[in-house]
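What follows is a short report on a single structure.
Read-outs throughout are calculated quantities, based only on the coordinates presented, and are distinct from any laboratory measurement. Since we're looking at a predicted model, the values are computed, not measured. Using ideal geometry, Cβ is built from the backbone for each residue, glycine included, and neighbour counts are taken over all protein chains shown.
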Amino acid sequence: MEAATATPAPPGILHPQAVAFVGEARQIERRAGFMFGVTGITLVAAMGVLGLLMRFTQADDTGLSPAWFYRLMTLHGVGMITGVLLVMMGALWYVLHPVVPLRPGRMYASYTLVVGGAVAVLVATLVGGFGAGWTFLPPLPFFPVGQWPVWSESLFLVGNLLVGTGFFVYCLDVLEQTTTASGGLSRALGWQYLFGREPEAPAPQVIAATVVAIDGLLSMTAGSAIVLGLLGRTYDSGVGIDALVAKNLVYFFGHSIANLVIYLAAGAIYVMLPRYAGRPYEATKVFVAGWTASLVFIATAFSHHLYMDFVQPMWAQVGSLVASYFALLPVAVITIYSMTMLVWGSRYRWTLASTLFYVGLAGWAIGGVGAVIDSLIPINFRFHNTVWVVAHFHTYLMMTVVLWALAFVAHLLERETDRTSSPTLRSATIGLLLVGGYGLTGTWFVAGALGVPRRYAVQPAGTVDYSKVGAIFALLFALGFLACIVQLAPLARTAWARRHTTSTGESPGLAAGHAVAPAGADPRVDERPPGRAGAPLGTAAHLGFAVAFMVVAIVAFFPGIVDASETSTRYHHLDHAGQFLFGVVVGLLLGSFAAVSRLLGDHPAWGLTAVIVAPATMMLLMVPRVYEPLESNDVQHALFHLAMAAFGLVTGLGATRLTPLGGRFTAFLAVAMTLMFAAAMTGGAS
Amino acid sequence: MSLHYGTPQIVIGGVFVVLSVLLASAFVVIGLQAGTDVSVERVHRVGYWLRKRWLALLAAIGVVVVGLSLLDLPYASGGASGRTMVTVTAGQFFWTFAPDRVPVGTRVRFDLTSVDVNHGFVLYSPRGHLLGSVQAMPGYHNQLDLTMSQVGIYRIRCGEYCGLNHSTMDGSFTVTRR
């Protein structure tokens, strides 16, 4: 909930009663909102054109070759997810910054990385011809059947790595700042309130953002492990890939990032929709419990992509079945139902933004039903990888996330200008979006029930008519999207003209009383890196654990263990992970000493760079081409293993430059990444 | 081979349509009510009362459907005794079967693998009904148990994107009269 402010925003376009809890957005918040929102919407529009082209190709209307179809399909997938990710990152930043001092520097860094990644993928597909799908299911990138060169698969992987790293940077900043501002992880997640130890919960967007950040960091780590492994394979064909482990990691990354987009959006909707309903949204105990459940479900549901890989362990299949169904509960009960409670009898202010927010809720509900049906294993057996899947994820990505992306930009512009479009034009636009969108997904649902497989450039005999009808509906949706842009254009012109006349505003504190940004604060205050409160290993218990880990990890250097590990690539990589762990713990210990810490200085940006670059470099060196020639020389061999520990040391020291929780968590993630790498990558002589 | 709707797919599709129409109707009603003026206290009193029941209903449905799902898992279990082993090998862009035909009524255990990338074994009955699917993965063997109850040619399509000719990667498996 946004607290009342000293100089409330004029109600204008918003609900009159929203004046009680809505403050003016500050310059930096508006800048972030527009930067992420406009870039993301532009990307979404471009990728939508590709989608339209693909649907007409399936309807036999374009003459596009399968080679180009699959390039566009690959780009459409990565580009669309990146586009909506950008918008929702901006939306959450926009609503979170007033209550948590997120760092603009990190925001710019994550934006640059994600956009850079999107450009890399664009070049890899359109110029390089890469077309292994947005899931790049290993080992498909290395079986191009003459369709793409090595450089394009490398560039595509680098692009994914950049997008993932950008989101990692964003999530780490969110986690560090929500936990610091709230006074700890359990407070940021609302657990202190849930168990009655505190009278009030944090603001809803703080809880949502903390959950998204944790799951985002976990899944981006898995993504980095597999992408780095595959990058190694591009310059060393001796690298082998365990297809099952790799598939788990790819979907942990890919499914989660696509899924997290909607949870990012939910965090933003909790703040923005109430502004049109005139009722603030407040976190309750059910809300806190629901988001805690989502924390687990988001991280575990990805495995339903492997239902038809019968060799997947049964515990994973059953766990995913449970997680995939019960993930519905928090969404249906807390977000969707509670939002409709806000709207009911509220004298809701219907604008372009608020209408899109509302109809987007329906898309999540209907798409969710399609997804939950498919998440039941006996049903998935008959629907797996048919276009039913395409239908359900387009229902909630297109009819929820894309509509909310438009809604967010519309909300920014409506607030800047205190104007919206005419009711007639708005109704026609919403009509086009609804008829076009549900018509398109409807044709996929029907064709999916018929058994038409997905990702077919050429449709099975007798099923082309579904694509023809679908293409017409897709065109209607595109017209609706265009109509939205046309309505927003005059608002954008007005906003642009007024861009230098806006005020810097308020920064309401957290509802739980952990106010962090003073009211009326100068936005430049945010440019300062926050001080670190304590060291990652600051208690006797921490030190005890660290020493215990060090004692265990030092075994990785014993000659007998090293020799034994070289009988298998997996064990060899596991040994490297042990040496890396040793270095990480030493780094954490050293950096936690006050004298060393003073020497290193307060440089969180350098710390962040170290925890990302050091483990990544180490894994890029863990290819047979690099380490096999060294094994014949004892000194070089020993130095290579010491280098593994040195990478760990740099990582550990870097982690001490972050907040205590952020440092411990990133150190854990770095070690986890080396373990996932060891599990997925095989091949080579040892 | 032309595709036809199978009975399970028709039932599941029907359930989806009914639930979607109910949800869409609810959103229309709530949207129409949004313009009225109802006190927050009343909305909270009625809304939270209903929310508890909504949560209980969804949880109960979850327990039932997850429980029923666990009773009907497609995964092969137990030994292959009494079953005819059919080795299925996938590659860009072909299917091979050994043997490639069995008499009607044979209890088959399909043993699937791939020589290159991931493929999807999507099996259609001679009448064009999608019976089920399982992945063919390099380095692994996925096993599917099935009783071949119809005489004729069962078609296989690839269900996992595998490259340029993914959409034309077809195969067939014959079930003969006894």
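Take B:Val63 and tell me if it is within 11 Å of chain A (Cβ to nearest Cβ) and assigned to a loop (DSSP other than H, G, I, E, B). It is false that B:Val63 is within 11 Å of chain A (Cβ to nearest Cβ) and assigned to a loop (DSSP other than H, G, I, E, B). For the stretch B:145-169, a residue qualifies if it is among the hydrophobic types (A, V, I, L, M, F, W, C), surrounded by fewer than 24 Cβ atoms within 10 Å (Cβ to Cβ) and facing chain A (nearest Cβ under 7 Å), and exactly one does: B:Leu164. Restricting attention to the stretch A:441-469 and to residues that are among the polar types (S, T, N, Q) and within 33 Å of the chain's Cα centre (by Cα), the residue that is nearest to the other protein chains (Cβ to nearest Cβ) turns out to be A:Gln459. Suppose we keep only residues that are more than 22 Å from A:Ala362 (Cα to Cα), within 9 Å of chain A (Cβ to nearest Cβ) and under 18 Å from the mean Cα position of the chain (by Cα) within the stretch B:1-49. Which one would you say is surrounded by the fewest Cβ atoms within 10 Å (Cβ to Cβ)? It comes out as B:Ile10.
For every residue, the table says whether it meets (1) surrounded by fewer than 22 Cβ atoms within 10 Å (Cβ to Cβ); (2) closer than 22 Å to A:Asn248 by Cβ.
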{"position": "A:Val123", "(1), (2)": "yes, no"}
{"position": "A:Leu126", "(1), (2)": "yes, no"}
{"position": "A:Pro141", "(1), (2)": "no, yes"}
{"position": "A:Val145", "(1), (2)": "yes, no"}
{"position": "A:Pro149", "(1), (2)": "yes, no"}
{"position": "A:Ser154", "(1), (2)": "yes, no"}
{"position": "A:Phe168", "(1), (2)": "no, yes"}
{"position": "A:Cys171", "(1), (2)": "no, yes"}
{"position": "A:Thr179", "(1), (2)": "no, no"}
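Restricting attention to the stretch B:8-23, the residues being free of Cβ contacts under 8 Å to residues at least 24 places away in the same chain, closer than 21 Å to B:Arg127 by Cα and polar (S, T, N, Q) number 0.
So how many residues does the stretch A:32-54 have that are without any contact (Cβ under 8 Å) to a residue 60 or more places away in the chain and under 21 Å from the mean Cα position of the chain (by Cα)? Going through the stretch A:32-54 one residue at a time, the tally reaches 3. Is at least one residue of the stretch B:87-109 more than 7 Å from every other protein chain (Cβ to nearest Cβ), among the acidic types (Asp, Glu), farther than 27 Å from A:Ile241 by Cβ and surrounded by fewer than 19 Cβ atoms within 10 Å (Cβ to Cβ)? Yes: one or more hits. Could you tell me whether any residue of the stretch A:140-162 is of a type in the set (Ser, Thr, Tyr), touching a Leu at 6+ places or on another chain (Cβ under 6 Å) and in a helix (DSSP H, G or I)? The answer is no, given that none of the residues of the stretch A:140-162 is of a type in the set (Ser, Thr, Tyr), touching a Leu at 6+ places or on another chain (Cβ under 6 Å) and in a helix (DSSP H, G or I).
If the condition is being assigned to a helix (DSSP H, G or I) and not hydrophobic (A, V, I, L, M, F, W, C), then the stretch B:4-35 contributes B:Thr7, B:Pro8, B:Gln9, B:Gly13, B:Gly14, B:Ser20, B:Ser25, B:Gly31, B:Gln33.
Where helices (runs of 4 or more DSSP H) sit wholly within the stretch A:310-415, those with at least 3 residues that are within 10 Å of chain B (Cβ to nearest Cβ) and touching an Asp or Glu at 6+ places or on another chain (Cβ under 9 Å) occupy A:377-383. Applying the criterion of being loosely packed, with under 13 Cβ neighbours inside 10 Å and either more than 10 Å from every other protein chain (Cβ to nearest Cβ) or among the basic types (Lys, Arg) (or both) to the residues of the stretch B:68-84, the residue that is nearest to A:Phe310 (Cα to Cα) is B:Gly78.
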